[in-house]
1. Scan region B:162-197 for residues that are open to solvent by 10 Å² or more (accessible area, probe 1.4 Å), more than 7 Å from chain A (Cβ to nearest Cβ) and among the polar types (S, T, N, Q) and jot them down.
2. Go over the candidates B:LYS142, B:LYS136 one by one and state the one that is under 20 Å from the mean Cα position of the chain (by Cα) and either more than 24 Å from B:ALA55 (Cβ to Cβ) or surrounded by fewer than 17 Cβ atoms within 10 Å (Cβ to Cβ) (or both).
3. Does any residue of region A:100-113 turn out to be more than 22 Å from A:ALA32 (Cβ to Cβ), in contact with a strand residue (DSSP E or B) (Cβ under 8 Å, 6 or more places away or on another chain) and outside the structural domain of A:GLN18 (by TED's automatic domain parsing)?
4. Looking at region B:72-109, which of the residues that are farther than 20 Å from B:LYS9 by Cα and of a type in the set (Ser, Thr, Tyr) is least open to solvent (accessible area, probe 1.4 Å)?
5. So the check is Cβ under 8 Å with 6+ separation or different chains; which pairs have a first residue in region A:1-21 that's more than 16 Å from A:SER46 (Cβ to Cβ) and touching a residue at least 24 places away in the same chain (Cβ under 8 Å) and a second one that's crowded, with 16+ Cβ neighbours inside 10 Å and aromatic (Phe, Trp, Tyr)?
6. Among the residues of region A:94-107 satisfying the criterion of being open to solvent by less than 30 Å² (accessible area, probe 1.4 Å) and under 22 Å from A:GLN18 (Cα atoms), which is nearest to the chain's Cα centre (by Cα)?
7. For region A:109-152, give me every one of the strands (runs of 3 or more DSSP E) that falls completely inside it and has 1 or more residues that are under 18 Å from A:ARG208 (Cα atoms).
8. What number of residues within region A:201-222 satisfy the criterion of being closer than 22 Å to B:LEU176 by Cβ and more than 8 Å from chain B (Cβ to nearest Cβ)?
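The values are calculated or read from the model by the stated rules, or taken from the named source; none is laboratory data. Please read all numbers here as calculations on a predicted model, not as lab measurements. No Cβ is skipped: glycine too gets one built from the backbone with ideal geometry, and neighbour counts run over all protein chains shown. We work out accessible area using only protein heavy atoms, side chains counted, and drop any ligands, DNA or RNA first. Shrake-Rupley method; radii C 1.70, N 1.55, O 1.52, S 1.80 Å.
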Amino acid sequence: MIVGEQKPIEEILLMIEQYKKIMVVGCGTCVAICYAGGEKEVGVLSSMIRLARNQTDSKIEVVERTVLRQCEEEYVKEIENDLDGIEAVVSIACGAGIQLTAEIYEDIPTYPGLNTTFIGYVKEQGVWAENCGSCGNCVLGFTAGICPVARCSKSIFNGPCGGSQDGVCEIGKDVPCAWQLIYDRLKKQGRLENIEKLSPYKDWTTNRDGGPRKIEREDMKK
Amino acid sequence: MEAVSNLQKVLEEGKFAVTAEIGPPKHANAEVIKKHAAVLKGHVEAANLTDNQTAIVRMSSIAAGAICVQSGIEPVIQMVCRDRNRIAMQSDLLGAYALGCRNLLCLSGDHQKFGNHPTSKNVFDIDSIQLLHMMKTMSVEKKFQCGDEIKSDFNMFIGAAANPFGDPFEFRVARLKKKVDAGAQFIQTQCIFDVERFKKWMDGVVAEGLHKRVHILAGLTPMKSDKGFKYIKKYVAGMSVPDELIKRMEQAEDKKEEGIKICVDAINEVKKIKGVHGVHIMAIWWESIVPRIIQETGLKERPDYI
């Protein structure tokens with residue numbers, strides 16, 4: 001899933017300080033599952049905003065809405081009829097959701113209430129970890145299902161580097177060395193030959209380095 | 001094959017090589033480099049110029065290397081993958097060659113997290129093993145990584161680092177083999193404090209026959225205090241410091257003298273290990289001690305500078 005983290009309330013308050021009526025819009029998919037941008041979080045954030053502004057001379061009206069997927073136009077359109085008098089939108093969807101909302105309602109300033117952090121999964125209760133670098137050319141078959149782009153601090157393809165010790169990365173004892181994990185799992189599967197020869201230069205054009213990415217599928221086009 | 005550098009010549013003649021290290025300054029004054037070069041001249045085959053080590057901004061290793069060339073000491077340019085993509089790397093390599101630099105050491109580079117610009121972006125377009133391959137392509141095939149021809153001479157003696165103290169230990173010889181296959185002609189190892197583990201690693205290197213394909217220079221560092229050892233043991237990833245060494249230093253009255261003795265003892269010991277073709281003395285901030293260490297290890301008679 002796409003994992004996000006709500007911005008500090010102070011930062012959000014600063015972004016909306018000049019407005020008297022706003023809408024907080026959540027998303028019911030990825031960011032709801034990671035307890036950062038769903039319906040519940042919309043409620044909590046809205047209350048916090050009201051409470052903070054009640055303590056000043058400048059009260060604020062906050063309308064709460066959550067759509068199933070803020071990255072799909074048909075769902076974002078659901079809030080269209082509720083936007084009367086809304087001066088600004090605070091979206092706590094991922095970056096894609098925030099941008100689609102901003103694009104559909106071009107006349108209303110949209111602010112991010114959430115930092116989109118990574119693609120990952122739940123490691124344990126309350127812990128999410130990054131797993132996928134979305135580089136556009138998956139090598140997981142070769143690296144035993146462990147992504148060197150996202151999980152190695154240096155994104156190297158011929159690891160482990162000299163900074164790997166006792167299973168952890170040189171950047172911190174709480175960061176597992178991805179290449180130690182790759183080595184261990186390949187060894188277990190009897191596939192160490194995968195990493196015994198030179199892994200060639202990565203073609204980064206499928207990554208962000210090739211410019212903004214888009215997929216076009218003729219079979220899906222109208 | 002004709003040697004392209006003094007270091008290569010010495011190693012290929014089967015002589016025991018000695019290299020040292022110069023840490024470029026955190027400023028733009030060339031005098032520091034000239035001073036260190038003067039201290040080391042005549043004592044070592046070549047001196048490494050570190051590339052923004054520990055991710056702290058310093059004078060460029062290539063610029064410092066050019067100052068070494070002018071000062072009559074052969075540089076080993078260190079290049080890390082952290083700060084440049086393949087375009088900038090190859091461009092800098094052409095520049096380094098044009099300035100008379102003939103040895104290059106390919107490294108991953110310390111992560112910027114602990115440097116003085118922790119908020120910077122890292123690059124790692126290619127990794128250290130791919131850099132070795134790129135160097136070989138440039139030096140042997142006279143081609144850039146993309147396949148375009150280099151329309152001039154370009155030939156450098158290609159080096160890599162190896163860390164016998166990194167994990168997983170059982171993969172460290174295999175990784176060295178990858179480096180040799182990719183193009184490494186010489187190796188400078190991580191600081192050896194744990195000589196026993198280094199011996200064990202060298203056994204594996206010899207068993208694989210890698211000592212016949214690459215020149216291995218054992219890395220050594222003289223320490224000034226037990227505090228230094230303790231710091232390394234606790235905070236520096238990929239290092240092994242045996243407790244008895246810390247104890248030896250704790251008990252010493254003159255810690256600096258003991259540090260020199262420990263280093264000299266280690267050099268004398270690694271010299272005897274099969275497959276070790278030289279030593280690399282990393283006395284950063286203590287460059288002036290290198291001539292004395294060399295003298296005490298009986299490595300004083302150095303071949304002439306080319």
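1. Hit for region B:162-197 is B:GLN185, nothing else.
2. B:LYS136
3. no
4. B:SER108
5. A:ILE2/A:PHE118; A:VAL3/A:PHE118; A:VAL3/A:TRP128
6. So the residue we want is A:ILE98.
7. A:114-124, A:127-132
8. 0
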